[in-house]
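Enquirer: Would you mind keeping the following structure in view while I ask a few things?
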Amino acid sequence: MTINSNKALLKPALLAVAIASSQGASADDFTDALTNGKAFGDIRIRYESVEQDNALKDADALIIRSRLGYTTGSFNNFSATLEVEDSSVIGDNDYEAYPAATPKTYSVIADPETTEVDQAFIQYTSDMGKFKYGRQVIALDNQRFIGHVGWRNDRQTFSAFSAALTPAENLSVTYAYIFERNRILAEDADIDSKDHLLNVSYKTSLGKITGYAYLLEEDTTASKSYDTYGVSFSGSAMSGDTKLLYTAEYATQEKSEKGTQDFEAEYYLLEGGVVISGITAKLGYEVLGSDNSTYGFSTPLATGHKFNGWSDQFLGTPGVGLEDTYVSVGTKALGGAITAIYHNYEANDGTATLDDLGDEWNLVYARKFGKHYSAGVKYAKYDAGD
């Protein structure tokens, strides 16, 4: 087990002291803000099994993930949040959390044993919006491009400055500058960055229009950058007793890396659905385009597990790109909710030997027990094509 630290996390604490001093407020007010806050936390126990038709041994892991946090009260519109998480294996387990030993022995279950600070930030709240500095969760829209990867135990957070503003009714503007990506594989996998995120959305009577620019740059010797610009529209409407769902999205991306050629790729999403008699059915077509079969549209900060199948075969888009045609059906059953999804995968710019990328079935059932408890089971089966 490792205990991770980050010097950048000390800055919010020093900033809080400076704020208190500059405001000249009484020690009692400051003490009240510190002590009249709110504690929060959760515990998750999960068994995960991965079986692959290759030379790797089947993997099994029983892991308990615990989080404990505290948010102070407000002091001159400032507050602070500190959250710590721990992931520990229960008993003897047969698995390796990437980056694993070489050569690998077991299939990967990407949940390392670790104890670390999950969030540590100062927040300022005004009539205009909220401003945060420090290690924090940033999740935009449906997390297709920016998310927290909450499926994994060590969720993704960002050391960043962020501003979430509401300058006018129905208008939302989010900006963030990320200087470190705190990824899902503990501190050794964290990446220094110079990322700029801009997301602007406006709600209309028909749905929400969103425009975004995500300019990602790894502050490493490789110096990779991904510049993505996009627009989306999503909403719903009633037709009698039937609710209609619709989403459309388009984005373009330029990828560059020191010492290599630059690439361009496009992204498309069309999704329609209905909700009738308690049943939700959706049909979607998502395209992560390719640049001449050598580079596939990339979403390095996404909650990738939510998309393109839960077996996680396409967390990284293959060079030939990916076209995912999917259908899902969900409803309430047995005191909870059950959803089944089918994916069919094709290459966007296939080659003579790589065109059919297989298909996958997904099934999940989950339910809540009382106010504080929930349980669920999730299954994924992927069959390769070419």
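The values are calculated or read from the model by the stated rules, or taken from the named source; none is laboratory data. No experiment lies behind these values; they were computed from the predicted model shown. Note that each Cβ is placed from the backbone with ideal geometry, even for glycine, and that neighbours are counted across all protein chains shown. Side chains are part of the model used for accessible areas, which takes the heavy atoms of the whole protein and leaves out ligands, DNA and RNA. Shrake-Rupley method; radii C 1.70, N 1.55, O 1.52, S 1.80 Å.
Enquirer: Would you say LYS378 is among the charged types (D, E, K, R), open to solvent by 60 Å² or more (accessible area, probe 1.4 Å), at pLDDT 95 or above and under 18 Å from GLN52 (Cα atoms)?
Expert: Judged against the criteria, LYS378 is a match.
Enquirer: For LYS368, only one of the following conditions fails: (1) more than 21 Å from the chain's Cα centre (by Cα); (2) open to solvent by less than 60 Å² (accessible area, probe 1.4 Å); (3) closer than 29 Å to LEU245 by Cα. What is its number?
Expert: Going through the list (1) more than 21 Å from the chain's Cα centre (by Cα); (2) open to solvent by less than 60 Å² (accessible area, probe 1.4 Å); (3) closer than 29 Å to LEU245 by Cα, LYS368 breaks only (2).
Residue-wise test of (1) among the charged types (D, E, K, R); (2) outside any strand (DSSP E or B); (3) within 17 Å of GLN143 (Cα to Cα).
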| position | (1), (2), (3) |
| --- | --- |
| ILE209 | no, no, yes |
| ALA222 | no, yes, no |
| TYR229 | no, no, yes |
| SER236 | no, no, no |
| THR247 | no, no, yes |
| LYS255 | yes, no, no |
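Enquirer: Within the stretch 371-378, is even one residue under 18 Å from ARG144 (Cα atoms), part of a strand (DSSP E or B) and not polar (S, T, N, Q)?
Expert: Checking the stretch 371-378: not a single residue is under 18 Å from ARG144 (Cα atoms), part of a strand (DSSP E or B) and not polar (S, T, N, Q).
Enquirer: Filter the stretch 263-294 down to the residues that are in contact with a strand residue (DSSP E or B) (Cβ under 6 Å, 6 or more places away or on another chain), part of a loop (DSSP other than H, G, I, E, B) and open to solvent by 20 Å² or more (accessible area, probe 1.4 Å) and list them by number.
Expert: GLY278, ASP291
Enquirer: Just give me the residues in the stretch 48-98 being exposed (fewer than 15 other Cβ atoms within 10 Å of the Cβ) and of a type in the set (Asp, Glu), in sequence order.
Expert: Matches in the stretch 48-98: GLU51, ASP53, ASP58, ASP92, ASP94.
Enquirer: Before we move on, is TYR342 modelled with pLDDT of 95 or more, in a strand (DSSP E or B), touching a Phe, Trp or Tyr at 6+ places or on another chain (Cβ under 7 Å) and within 19 Å of ARG144 (Cβ to Cβ)?
Expert: no
Enquirer: For the stretch 199-212, enumerate the residues that are surrounded by fewer than 15 Cβ atoms within 10 Å (Cβ to Cβ) and within 27 Å of GLN261 (Cβ to Cβ).
Expert: none
Enquirer: Return yes or no: is ARG155 closer than 26 Å to ILE63 by Cα, in contact with a His (Cβ under 7 Å, 6 or more places away or on another chain) and crowded, with 16+ Cβ neighbours inside 10 Å?
Expert: The answer is yes for ARG155.
Enquirer: Being free of Cβ contacts under 8 Å to residues at least 24 places away in the same chain and under 23 Å from the mean Cα position of the chain (by Cα) narrows it down to one residue among TRP310, TRP361; which is it? Steps first, please.
Expert: Values: TRP310 fails: free of Cβ contacts under 8 Å to residues at least 24 places away in the same chain.
After ruling out the rest, the residue left standing is TRP361.
Enquirer: Out of ASP190, ASP219, ASP195, which single residue is within 30 Å of ASP111 (Cβ to Cβ), among the charged types (D, E, K, R), in contact with a Lys or Arg (Cβ under 8 Å, 6 or more places away or on another chain) and modelled with pLDDT of 95 or more? Please lay out each step first, then the result.
Expert: Details: ASP190 fails: modelled with pLDDT of 95 or more; ASP219 fails: modelled with pLDDT of 95 or more.
Only one candidate qualifies: ASP195.
Enquirer: On to the next question. Is it fair to say ARG135 is touching a strand residue (DSSP E or B) at 6+ places or on another chain (Cβ under 9 Å), among the basic types (Lys, Arg), surrounded by 18 or more Cβ atoms within 10 Å (Cβ to Cβ) and under 20 Å from GLU254 (Cα atoms)?
Expert: Against the criterion (touching a strand residue (DSSP E or B) at 6+ places or on another chain (Cβ under 9 Å), among the basic types (Lys, Arg), surrounded by 18 or more Cβ atoms within 10 Å (Cβ to Cβ) and under 20 Å from GLU254 (Cα atoms)), ARG135 does not qualify.
Enquirer: Continuing with the same structure: Yes or no: LEU215 outside any loop (DSSP other than H, G, I, E, B), among the aliphatic types (A, V, I, L, M), open to solvent by less than 50 Å² (accessible area, probe 1.4 Å) and under 21 Å from LEU315 (Cα atoms)?
Expert: Judged against the criteria, LEU215 is not a match.
Enquirer: I've got another one for you. Out of the residues in the stretch 305-330 meeting the condition of being buried (at least 21 other Cβ atoms within 10 Å of the Cβ) and among the small types (Gly, Ala, Ser), tell me which one is farthest from GLN52 (Cα to Cα).
Expert: GLY321
Enquirer: Just checking, how many residues over the stretch 350-367 are at pLDDT 95 or above and either of a type in the set (Lys, Arg) or not in a strand (DSSP E or B) (or both)?
Expert: Number satisfying all stated conditions: 1.
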